[in-house]
Amino acid sequence: MKSHNIALACTLEQCQQGRADKTAMRWVDLHGNRTDYSFADLEAHSNRFANALTSLGVAPGEVVFTFLPKMPEQFFSFLGTLKLQAICGTLFSNFGEDALLDRLGDSKAVGIVTRKSLYKKLARVRERLPDLRLVILVDGDDDPAQGVVSYTRIMAEASAEFQVADTTPDTPSVLHYTSGSTGKPKGVLHRHGSLASQQATARDVLGLKDDDLYWCTADQGWVTGTSYGIIGPWSLGITQLHYGGGYDAQAWMDLIAREKVTVWYSAPTALRMLMREEEQVFTSADLSTLRRIYSVGEPLNPEVIQWSRRVLDHDIYDTWFQTETGAIMITNRPGIEVRPGSMGKPFTGIEPAILDDAGTPLPDGEQGSLCVKAGWPSMFVTYLNNESAYQSKFKNGWYYTGDTARRDPDGYYWFMGRSDDVINTAGHLISPFEVESALLEIEEVAESGVIGAPDELLFEKVVAFVQLHERYQPDRDLEIKIRLHVSNRASSIATPQEIVFCDSIPKNKSGKIMRRVLKARYLGEDPGDTSTLEI
Ligand code: AMP
């Protein structure tokens, strides 16, 4: 029987196809130091991790998270967890303690791989996570009093041989939490069968070939970081560059030139930041090996494409997908003319539609709900512990993405916005509800309403309307306190860019915050129908 295990496809199967000595990961740390890991290394490290988890009592089907910045251990743990058929969740390293508590608690995670500096945040909420019995520190020693074990020790003691049990396409695989506009974040669960979509799109959209050096800048906390920073490319035996540093235009261009990157997958905010740099940054680096540039996560402005054509001598191919879709659904790619501002056309086998509120297809040119015909291989299998929310996303065989879009007569799709209040800041989906909840924990805050407002760099910025209890006055110190609190509780990305102090927060008669009214107020626009507004 053929195993459908994602991690096997990325490791052992590559070795069996003659790539044991081929570099799977070129790891470049913050200081520019380079370490190469072959596919045989990936195989051995992930086997060791699977054995270590087994000996520590983790069973298939249980949830283990990684809570790490980009570093080699992130990849070994992810693959090892999947080999064991445990579910691997990934967390952004900028998450605060409430964000951790929500995700680890909801999923009843039994284990987490992290590092000392990040463990401090987890330690503050660990008592409230009764299922979390295993904390593995990549840079720490065993410390029974703290309840932590050393990654180095468990890996050294584990065998490099691991027999992966038969894995079916329906075996659960990866877990990512995504934000909605109401309620807590939802755990989007995927299955090993998603590999079919991730591999096909890595081959036919990203166009990855055996001799490519591919760089995906996405963090592994995000679906792009797992689908296209791990699964798709390695399942094709491609060498991936992973870089431990953050945004730095000169360092990035030097990296592309030095490592001879051929295919680069990034995001609009980073590309817009690059566009603001001196052109000399790009002309002084030898970028001649670069064959293709791709983008995902937010709308890609036409100006960025024009800039790239002029300065980098390349088109940028915008791709559209979501945590829930697991793989690219609508996309630009070579062979199809790029229409700047459009997300492109559906990938082979994907059938999108623009539907009105009654579920009727709209004529070309009209804006409606962007839907996808259910049943593609990487479609999520549920929202963990929230099957009703999952079911509510499907109607008459269509999956409702939550985005609005239009199609032009030539079949190109154009992103228009979200049909909910979710904020997309620099590609990160932020729940206004999560930020509002964090704000309400602050003593001085009586009410709050959070919206996304247009931003030239980030696409959207987080704007918090805050009503204080009567005895308090707004000042600079309070603003700082509010920002710090949201950063520590939710994440640094969710921290409001702007705080507007106000006398009241508009709510409807059932007490729901009317963010639409706040947004109109912020933008100086007509708030529309306010008949349900409670004054
Ligand atoms: P996430 O699930 O965090 O990956 O976010 C998915 C959402 O990001 C989509 O529903 C869109 O709202 C937005 N998004 C992703 N890719 C694009 C794109 N190419 N153009 C416009 N919006 C995008």
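The values are calculated or read from the model by the stated rules, or taken from the named source; none is laboratory data. The model shown is predicted, which means the values in this text are computed figures rather than measured ones. Heads up, the Cβs are rebuilt from the backbone with ideal geometry, glycines too, and the neighbour counts pull from every protein chain shown. Quick note on the areas: whole protein, heavy atoms, side chains included, nothing else; ligands and nucleic acids left out. Shrake-Rupley method; radii C 1.70, N 1.55, O 1.52, S 1.80 Å.
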Q: Being within 20 Å of the chain's Cα centre (by Cα), within 16 Å of the ligand (Cβ to nearest atom) and not in a strand (DSSP E or B) narrows it down to one of Phe415, Phe380, so name that one.
A: Phe380
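When the residues of the range 115-130 are filtered to those that are in contact (Cβ under 8 Å) with a residue 24 or more places away in the chain and charged (D, E, K, R), which remaining residue is least open to solvent (accessible area, probe 1.4 Å)?
Of the residues in the range 115-130, the ones in contact (Cβ under 8 Å) with a residue 24 or more places away in the chain are 115-116, 118-119, 121-122, 124-125, 128-129.
Next, only the ones that are charged (D, E, K, R) stay: 115-116, 121, 124, 128.
Details: Arg115: 75, Lys116: 111, Lys121: 41, Arg124: 139, Arg128: 156 Å².
Result: Lys121.
Residues to consider are Ser3, Ser46; find the one that is hydroxyl-bearing (Ser, Thr, Tyr) and part of a helix (DSSP H, G or I). So that I can check it myself, show each step before the final result.
Values: Ser3 fails: part of a helix (DSSP H, G or I).
Testing whether each residue is hydroxyl-bearing (Ser, Thr, Tyr) and part of a helix (DSSP H, G or I) leaves just Ser46.
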**Q.** Filtered residue count, the range 21-42, keeping only those that are open to solvent by 30 Å² or more (accessible area, probe 1.4 Å) and more than 18 Å from Val138 (Cα to Cα)
**A.** 9
Q: Kindly indicate whether Leu484 is open to solvent by 40 Å² or more (accessible area, probe 1.4 Å) and either within 15 Å of the ligand (Cβ to nearest atom) or assigned to a strand (DSSP E or B) (or both).
A: no
Q | Qualifying residues in the range 428-446 (those that are open to solvent by 10 Å² or more (accessible area, probe 1.4 Å) and within 13 Å of the ligand (Cβ to nearest atom)) - the one farthest from Lys186 (Cα to Cα) | A | His428
(Q) Go through the range 418-427 and report how many residues are open to solvent by less than 20 Å² (accessible area, probe 1.4 Å) and not in a strand (DSSP E or B). (A) 2
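Let's see how each residue does on (1) within 16 Å of the ligand (Cβ to nearest atom); (2) among the acidic types (Asp, Glu); (3) surrounded by fewer than 21 Cβ atoms within 10 Å (Cβ to Cβ); (4) touching a residue at least 60 places away in the same chain (Cβ under 8 Å):
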residue	(1), (2), (3), (4)
Val263	no, no, no, no
Ser266	yes, no, no, no
Met275	no, no, yes, no
Glu278	no, yes, yes, no
Gly297	yes, no, no, yes
Pro302	yes, no, yes, no
Trp307	no, no, yes, no
Ile316	yes, no, no, no
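Which is of a type in the set (Phe, Trp, Tyr) and surrounded by 24 or more Cβ atoms within 10 Å (Cβ to Cβ), of Tyr243, Tyr247, Tyr228?
On the way: Tyr243 fails: surrounded by 24 or more Cβ atoms within 10 Å (Cβ to Cβ); Tyr247 fails: surrounded by 24 or more Cβ atoms within 10 Å (Cβ to Cβ).
Checking each option against the conditions leaves just Tyr228.
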Q: Identify, from the list Thr90, Thr54, Thr81, the residue that is outside any helix (DSSP H, G or I) and either within 22 Å of the chain's Cα centre (by Cα) or surrounded by fewer than 22 Cβ atoms within 10 Å (Cβ to Cβ) (or both).
A: Thr90
Q) If you go through the range 132-168 one residue at a time, how many are touching a residue at least 60 places away in the same chain (Cβ under 8 Å), under 30 Å from the mean Cα position of the chain (by Cα) and either over 13 Å from Tyr119 (Cα atoms) or open to solvent by 60 Å² or more (accessible area, probe 1.4 Å) (or both)? A) 10
Q: Starting from the range 394-410, keep only residues that are touching a residue at least 60 places away in the same chain (Cβ under 8 Å) and over 12 Å from Leu355 (Cα atoms), then list their pairs with residues that are away from the ligand (no atom under 16 Å from the Cβ) and open to solvent by 40 Å² or more (accessible area, probe 1.4 Å) whose Cβ atoms are within a distance under 8 Å, requiring at least 6 positions of separation or different chains.
A: Asp408/Asp364; Asp408/Gly365
Q: Could you please give the count of residues in the range 390-413 that are at negative phi and either open to solvent by 50 Å² or more (accessible area, probe 1.4 Å) or modelled with pLDDT under 95 (or both)?
A: 7
Q | Unique residue being charged (D, E, K, R) and either within 13 Å of the ligand (Cβ to nearest atom) or surrounded by 15 or more Cβ atoms within 10 Å (Cβ to Cβ) (or both) when the list is Glu366, Glu324, Glu387 | A | Glu324
Q: Examine the range 470-477 for a residue that is without any contact (Cβ under 8 Å) to a residue 24 or more places away in the chain and of a type in the set (Lys, Arg), and state whether such a residue exists.
A: yes
Q: Go through the range 104-114 residue by residue and tally those that are surrounded by 20 or more Cβ atoms within 10 Å (Cβ to Cβ) and either modelled with pLDDT under 95 or small (Gly, Ala, Ser) (or both).
A: 3
**Q.** Conditions (1) among the β-branched types (Val, Ile, Thr); (2) away from the ligand (no atom under 16 Å from the Cβ); (3) outside any loop (DSSP other than H, G, I, E, B); number of the one not met by Ile451
**A.** (2)
